[in-house]
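Presented below is the structure to which this report refers.
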Amino acid sequence: MDHPGDVENRRRSAGEQVHGARHTPTQPLVIHYAQSIWQSNAAARLLQIAGTIAPGDIRGRIFREPTSSSTVPGLVLRMLEDLEVEDGMRVLEVGTGTGYSTALLCHRLGDDLVTSVEVDPDVAARAATSLAQLGYVPHLVAGDGLAGHPDNAPYDRIIATCGVHTIPAAWLAQTRPGGQILATLSGWMGSSELARLTVHEDGTASGRLLGGQVSFMLARPHLPPALGMLPDTRDGYERGAVVGADILDDWTARFIAQIAAPRGQRLQFGDEDHLLVDVKVGTWALLRRTGDKWRVRQGGPARLWDDIEEHIVQWRHDCTPGLEKLRVTVTPDRPQHMTWSTRS
Ligand SMILES: C[S@@+](CC[C@H](N)C(=O)[O-])C[C@H]1O[C@@H](n2cnc3c(N)ncnc32)[C@H](O)[C@@H]1O
């Protein structure tokens, strides 16, 4: 049981260390901060797997994906720097998790300016307990953060510590003009990047990717659909491929491919065969390597690999710009748009 004095001491020492960490972002200081905050409550660090199990409940190898985890402290601090918060700003955080980044936001801005939404009620309840033990009482909401939280809008900043496939329209609507959204854009082929967007008077948002190969678990409603029955790849049209599927092993190229085929999912069979499928549209592309050459067979109402090749060829022609050269535009009723600049 915490005494009010203990909470106050812990809060003050956390505060001093956050202040230090913001000016001297060294890893040991950050790790020390993380330990001092959470050591008193080990349960707060628990991951959740497949939406149901806490790791302490099981022994042996885990085969399914974690569904909640504590973000590595260095990344949390980097994101808080990227968020460019100032005194008096109202912030919505999506993905409370352990409450670690929520605690830092509360310390920086004060509890009343911080709203944090966590989709999983068990995880949300645990975070609420941990935060209260540290003396923080922000607005905590159990629900789908992709819908934002209109009750406390408009926000000056929205920060997501889960990845999103596309920026939700609700976030645009709930950010005041001039405000910023910081979120990781994640594709279904496994490449992602942190984006910082400014919301404009007309309700659109635009900005750049920030670089660093930032990756987060996807927001649950944005997880890829089940592949179901795989397509009959004997159908379709075959040709020699200009670009081989091995291009998808590169993080940046894979992100470019995701722009071309936003709903594409990739399956690999050995080193030779790669299948890309867009379940919604019903398109597919099978790439097969023979020696040093690739052939592609495509089926469905569109040509998945043609689109990817076209983007990759243009990206190579533009001297393979890094993801920090990509500009993102989001309009509420249109698909998210990304282009790259060839200027330095
Ligand atoms: C990487 S964890 C967050 C880590 C947190 N920043 C921390 O340091 O503990 C991502 C969290 O996002 C949550 N999440 C996933 N989809 C969500 C959604 N649609 N709305 C709100 N939270 C979501 C997950 O349950 C998970 O707890």
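So is E86 in a loop (DSSP other than H, G, I, E, B) and more than 9 Å from the ligand (Cβ to nearest atom) or not? Criteria met by E86. What number of residues within segment 289-344 satisfy the criterion of being more than 23 Å from G244 (Cβ to Cβ) and open to solvent by 40 Å² or more (accessible area, probe 1.4 Å)? Qualifying residue count, segment 289-344: 15.
State yes or no: is G135 surrounded by 17 or more Cβ atoms within 10 Å (Cβ to Cβ) and part of a loop (DSSP other than H, G, I, E, B)? Explain how you work it out, then say what you get.
Working: surrounded by 17 or more Cβ atoms within 10 Å (Cβ to Cβ): yes; part of a loop (DSSP other than H, G, I, E, B): yes.
Against the criterion (surrounded by 17 or more Cβ atoms within 10 Å (Cβ to Cβ) and part of a loop (DSSP other than H, G, I, E, B)), G135 qualifies.
Restricting segment 144-171 to residues that are under 17 Å from the mean Cα position of the chain (by Cα) and hydroxyl-bearing (S, T, Y), the residue that is farthest from G99 (Cα to Cα) is T166. For L185, indicate whether it is in a strand (DSSP E or B) and within 14 Å of the ligand (Cβ to nearest atom). So L185 fails the test. For V281, the criteria (1) hydrophobic (A, V, I, L, M, F, W, C); (2) outside any helix (DSSP H, G or I); (3) open to solvent by less than 40 Å² (accessible area, probe 1.4 Å) hold in every case but one, which is (3).
Quick one: in segment 89-112, which of the residues that are open to solvent by 10 Å² or more (accessible area, probe 1.4 Å) and of a type in the set (D, E, K, R) is nearest to the ligand (Cβ to nearest atom)? Among residues in segment 89-112 that are open to solvent by 10 Å² or more (accessible area, probe 1.4 Å) and of a type in the set (D, E, K, R), the one nearest to the ligand (Cβ to nearest atom) is R108.
Yes or no: F255 outside any strand (DSSP E or B), aromatic (F, W, Y) and either within 16 Å of the ligand (Cβ to nearest atom) or open to solvent by 10 Å² or more (accessible area, probe 1.4 Å) (or both)?
Values: outside any strand (DSSP E or B): yes; aromatic (F, W, Y): yes; either within 16 Å of the ligand (Cβ to nearest atom) or open to solvent by 10 Å² or more (accessible area, probe 1.4 Å) (or both): no.
In short, no.
Residues that are in contact with an Asp or Glu (Cβ under 8 Å, 6 or more places away or on another chain) and assigned to a strand (DSSP E or B) were ranked within segment 205-229; the one that is farthest from E65 (Cα to Cα) is R208.
For V243, the test of being part of a loop (DSSP other than H, G, I, E, B) and outside the structural domain of G187 (by TED's automatic domain parsing) is passed. Remark: G148 matches the filter, which requires a residue to be open to solvent by less than 20 Å² (accessible area, probe 1.4 Å) and touching a residue at least 40 places away in the same chain (Cβ under 8 Å).
The values are calculated or read from the model by the stated rules, or taken from the named source; none is laboratory data. These figures come from a predicted structure and were not determined experimentally. So basically every Cβ, Gly included, is an ideal-geometry build from the backbone, and we count neighbours across all protein chains shown. When the accessible area is computed, the model is the full protein with side chains, heavy atoms only, and any ligands, DNA or RNA have been set aside. Shrake-Rupley method; radii C 1.70, N 1.55, O 1.52, S 1.80 Å.
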